[in-house]
Structures are given as structure tokens and as C-alpha cells.
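Worksheet: the structure to be examined is printed underneath.
All of the numbers you see were taken from the coordinates with simple rules; none came from a lab. As the structure is a computational prediction, the values presented were derived from the model and not from experiment. Cβ placement follows ideal geometry from the backbone for every residue including glycine, while neighbour counts extend to all protein chains displayed.
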Amino acid sequence: MGSKSETSTILRFAFFLDIDHYFLTQYWGMLVFCLILASKNRQSNTRAGRAVLLKKRCIQVPTYTDKQEKMKKRIFLFTLFLVQMFFCVGTLKGQYIPLVEESKYWIYYDFQARPRPTTGFLITIQDDTVIQNKAYKKVYKYELTGVVKNLANNEPPQFVADFPYTIKDKTLVSFLREDIQTKQIYNLPASPDSCVDSSSGIINPCNAIVFCDTVEHLLFDFSLETNDTLNYCCFAPLHYNWEIQPEKVDSIKPEVHFGKLRNTFYTYGVNSYLPNLMSPGPIGASPVKIVEGVGFLNQGIFHYRFGMLVDYCEGDADFCDIIASTKDQAFQKNQVTVYPNPATDYLNFEGIGGIGEISLINAHGMVVVHVSHEKRLDVRGLTAGLYLCRITLDNGIFIHKKIIKLQP
């Protein structure tokens, strides 16, 4: 393998490019290849040796001094890395990460125009329905349990959610549908909004989600290009204390958010309406990010004026540290128990719903085990370590579990 200095150089370079652990694991094989190639180049000190080694790769190199050779290796490694980055970014632009899927959770803190959060809630997508011959997913809001307490001297008390997140008081808020081909998401409110003063637009303290329309409307349009005008429900919430005017997509960049590389749409406006104790008054405008598969980076799936997105997770409730304070069938039916964990030889799967497929993914992002319609998995041939278990239920729901494999 390459030297320790070469390995650390590549990792520092990767972090400089704002690449997180998830992205590194997906392309770790490419990095290892670069280091092995550098090691073999080091072993081939003569021109003939390098020519034989590199002939298979259609590369010819001249003879260099040791110092020049080291510099050549570093440039070669970085060039390969940049080429891979270029191709992966180009591939990403052609991919689309859907937003309207079950097993997604948006966690909010609710300020209700107060200096600090006083409550919290969770938004999630569950179950299917048909309205006027259109297929929708139901969107529910759950209240979070927690306490209001002082976290520091000279600070007002604020809400702190229990962890694991404990949910209660389920409310149906809207219906979502998504056109994968056009990359557009439509929202249909569950009931006419009764929490808005039409004369002022001020939200009454009823702790409700407020939408930009009472009928079905375009919520997000991820097919837009740079300089395209945002749809109304994206730019209208970004204006505060001034006239609502259309905003454009300033740029689109692939960025890592919540463990995935996602297309991120930049625009301009008010990220949130949270009071500022140090400088009271309207919060100034700044760049705003709208993230594919998530929604507003700071406000989530719905731009809740006096709230703030504090967490987001994809997976089953157990993976995302969410529990119900009461027996909620919507959470129970999609639960799968995996035991023993850690395991040395076999994994057993039990759940209320039918299990379709099971995949084990190693730290390099490779699927090492894949079975269908099985409730027992043989892991004796796997090396010890941490694995991600991806379970597909018969109803199409994805569940993720962390699995630890031990040596027998």
C-alpha cells in the first residue's frame, strides 16, 4: 500500500472538497486502487520496470529523479481522484432523489414567534390514498414530548425534546404526490387553513402547518435550471415584511446533505423568521438552499414560518431513534426486529409485514449478501465489522438497521 503520508494527503484533499464519510465509502475502492498503483510504481524503479507495469494501462512515463518521481505520483493520484469526482458529479446531475417516500422524518422545533422554542413536532409520510383518481401519500404531524427548561444563565427557557424522539397526538395535515418524470411535487392540504389572519398573514398560536394555498398546489419543482423562476410556494415564504416577488434559481450544486450527495438549488430570501435576541427586528435575507429529496435545508418539507428543522432521517423508526408514546399502528406495522445483534453466525428477522428482500452492505458501500423472502440470514462467511442492513417490505417500504458482525 501507499505510504502513510500519501494516504493522509488524499484524505485531507477529500475533506477539503467537503466530502463526508458516506461519500468516501462509496469511492474508497478508487482511492485504494490509486494507493496500490503508487506502491507498485515505487517498486518499479527502472524505466523498463515502469514501462512493463504501465503498458497495460496505456500510460508511458519518462525517467525522473526521486524527488520528481514523488511529485509525479502525487499529481497522478490527485488527477485520478479529480477525474472520478468529475464523472460522479456528472452522473449525479442525471439522477433524481425522490422526496415523497415513506420512512422519512422531519423534526421541527416550534418557536411560535417567541424567543426560544416552546414545542416540537415531527412530520412523516405514511400510507396511500386516492383522491379524484390521483394517487397520494398521506402526511402526518406528530407532537414531540419534552421539557421546557433553562439551558444557560440569562437565557429564556426553551423546549428540549426527549431522546429517543417520543411522538404523540397524530394529525393528518396534507396529501402529497410526486411525478418522478417531471421531478415535481404537489401538495393538497387536508383541510382549509384556519390559522391565518387573511388581513395580516400572522399565524395564530394554534401550532398548525400553514400552506400557501387551500387547494392542490406545486410544492417543489426540481426540474428547474439556473435562472429559472421558482414556483410560488417556494419563493412566497422567503419574503418577510416586504412585497412578495418572484425569486430565481441562482445556481444548482451537488452537495452532501444528510448522508447523501444531492442536487442543491440556491436562491435568496429569509431562511427563517426566528426572533433574534441580540438584534431584534426582521431577519435579513441570505442565500437559501432547497435540497432534492428533503425540501428547504432549514425548513424541511414545509416552510413553517415560526419553526426550524433541527433533524432529518431516512429509515425505519428504530434506525431514526423514534418511539411512540402510545401504540401507533402506522409505526408498528413497518417495524422489523433483527436478532441477535451483534451476531456471529445467523441473523433472524421478525415483523408484522411481509419481508421481501434483505441486503447487507459493507463499509465500502458493496452489497455482500442479498436474499429474497427469507427470515434467516447466514453471516458466517462475513468478516467482523459494521454493516448496514437494508430490508424491503412487501408493501415497498425500506427499513435500515445497523448490524454488527463478530468473529465466532
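For the pair Thr383 and Asp345 in one chain, pulling the backbone fully straight at 0.36 nm per residue adds 12.6 nm over the alpha carbon distance. Between Met308 and Tyr109, Phe111, the built amide H atoms are under 5 Å apart, and every one of these is 5 or more places off in sequence or on another chain.
Return the subset of Lys248/Lys289; Lys104/Lys402; Lys141/Lys260; Lys260/Lys401; Lys138/Lys260 for which the Cα-Cα distance in this structure is over 19 Å, preserving the input order. Don't skip to the answer; put the middle values down first.
On the way: Lys248/Lys289 12 Å; Lys104/Lys402 17 Å; Lys141/Lys260 25 Å; Lys260/Lys401 17 Å; Lys138/Lys260 25 Å.
The pairs that break the limit, which is 19 Å between Cα atoms, are Lys141/Lys260; Lys138/Lys260.
Seen from Pro340, the other residues with C-beta closer than 15 Å to its C-beta sum to a net charge of +3, counting Lys and Arg as +1 and Asp and Glu as -1. If you add up the charges near Val294, with Lys and Arg at +1 and Asp and Glu at -1, over every other residue whose beta carbon is less than 10 angstrom from its beta carbon, what do you get? Cβ neighbours under 10 Å give a net charge of +2.
The H on the amide N of Asp345, modeled in the peptide plane, is under 5 Å from the matching H of no residue at least 5 residues off or on a different chain. Computed from phi, the 3J(HN,Hα) profile of segment 291-302 under the Karplus parametrisation 6.51, -1.76, 1.60 (θ = phi - 60°) reads 9, 4, x, 10, x, 5, 4, 9, 10, x, 5, 10 Hz, with x in place of Gly and Pro. Subtracting the Cα-Cα distance of Ile404 and Asn227 from 0.36 nm times their residue separation leaves 59.0 nm of extension gain.
What does the charge add up to near Lys134, with Lys and Arg as +1, Asp and Glu as -1, over the other residues with Cβ less than 14 Å from its Cβ? The partial results should precede the final answer.
Values: positive: Lys137, Lys138, Arg177; negative: Asp128, Glu178, Asp179, Glu216.
Summing Lys and Arg as +1 and Asp and Glu as -1 gives -1.
Taking 0.36 nm per residue of separation and subtracting the Cα-Cα distance, full extension of the segment from His257 to Asn153 would add 34.1 nm. For His257, the residues whose modelled amide H falls within less than 5 Å of its own, excluding neighbours fewer than 5 places apart on the same chain, are Arg262.
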